[in-house]
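See structure below.
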Amino acid sequence: MPGPTAASEFRRGLNPYNLMVGAVAALALGAATFVATRAGVAPDFFLLGAGKQALAAALGLFVIITGMHTATHTYFGWRFAKGIRAAGAGEHARAAGLLAPAERPGMSHYDPGGYAKKMLEQARASLR
């Protein structure tokens, strides 16, 4: 089946580029934690020092950022695949509901080939 699926989007959520994005964001936030703890603006929660707290923050944030991004990719892959199957089965109203997010700004990130958006347009045309 063409178009995104839960499995394909799960893999995309964990591809090297997305892992790098999560790592860079986590490192930046870890650095901010280090500076804030070192300056006394943020408390040293575990009394381990600014470096260890920054490392813990960076690792925790990497897991959170990557997990949420992967979960979002997986959800939209699942939803779009379900909508594409519904359109193929002639359930155009159901397909239009499932595929509706495909037309929102930025959603092409979750539908790289534009297949979900094309199927949404076809489903809506069939409802007229």
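For segment 56-96, the set of residues classified as small (Gly, Ala, Ser), in contact with a Gly (Cβ under 6 Å, 6 or more places away or on another chain) and within 30 Å of Phe34 (Cα to Cα) consists of Ala57, Ala58, listed by residue number. With respect to Glu91, is the statement that it is acidic (Asp, Glu) and in contact (Cβ under 8 Å) with a residue 40 or more places away in the chain true? Answer is no for this residue. With the condition kept exactly as written, say whether any residue in segment 68-84 is farther than 21 Å from Phe10 by Cβ, touching a residue at least 12 places away in the same chain (Cβ under 8 Å) and over 14 Å from the mean Cα position of the chain (by Cα). No, because not a single residue in segment 68-84 is farther than 21 Å from Phe10 by Cβ, touching a residue at least 12 places away in the same chain (Cβ under 8 Å) and over 14 Å from the mean Cα position of the chain (by Cα).
Quick check: is even one residue across segment 54-61 open to solvent by 30 Å² or more (accessible area, probe 1.4 Å), under 30 Å from Asp111 (Cβ atoms), out of contact with any strand residue (DSSP E or B) (no Cβ under 6 Å at 6 or more places or on another chain) and free of Cβ contacts under 8 Å to residues at least 24 places away in the same chain? Looking through segment 54-61, none of the residues is open to solvent by 30 Å² or more (accessible area, probe 1.4 Å), under 30 Å from Asp111 (Cβ atoms), out of contact with any strand residue (DSSP E or B) (no Cβ under 6 Å at 6 or more places or on another chain) and free of Cβ contacts under 8 Å to residues at least 24 places away in the same chain. Report whether or not Tyr17 is under 25 Å from Met107 (Cβ atoms), open to solvent by 50 Å² or more (accessible area, probe 1.4 Å) and within 11 Å of the chain's Cα centre (by Cα). Here the answer is no, as Tyr17 does not meet what is asked. One residue alone among Val63, Val41, Val21 is of a type in the set (Val, Ile, Thr) and touching a Ser or Thr at 6+ places or on another chain (Cβ under 9 Å), and that residue is Val21. In this structure, does Ala71 turn out to be at pLDDT 95 or above and crowded, with 16+ Cβ neighbours inside 10 Å? Answer is no for this residue. Of the candidates Ala42, Ala31, the single residue that is in contact with a helix residue (DSSP H, G or I) (Cβ under 9 Å, 6 or more places away or on another chain), free of Cβ contacts under 8 Å to residues at least 40 places away in the same chain and either charged (D, E, K, R) or surrounded by 14 or more Cβ atoms within 10 Å (Cβ to Cβ) (or both) is Ala42.
The values are calculated or read from the model by the stated rules, or taken from the named source; none is laboratory data. Note that this is a predicted model, so its numbers are computed, not measured. Don't worry about glycine lacking a Cβ; one is built from the backbone with ideal geometry, like all the others, and counts go over all protein chains shown. Surface accessibility is based on the protein's heavy atoms, side chains included, excluding ligands, DNA and RNA. Shrake-Rupley method; radii C 1.70, N 1.55, O 1.52, S 1.80 Å.
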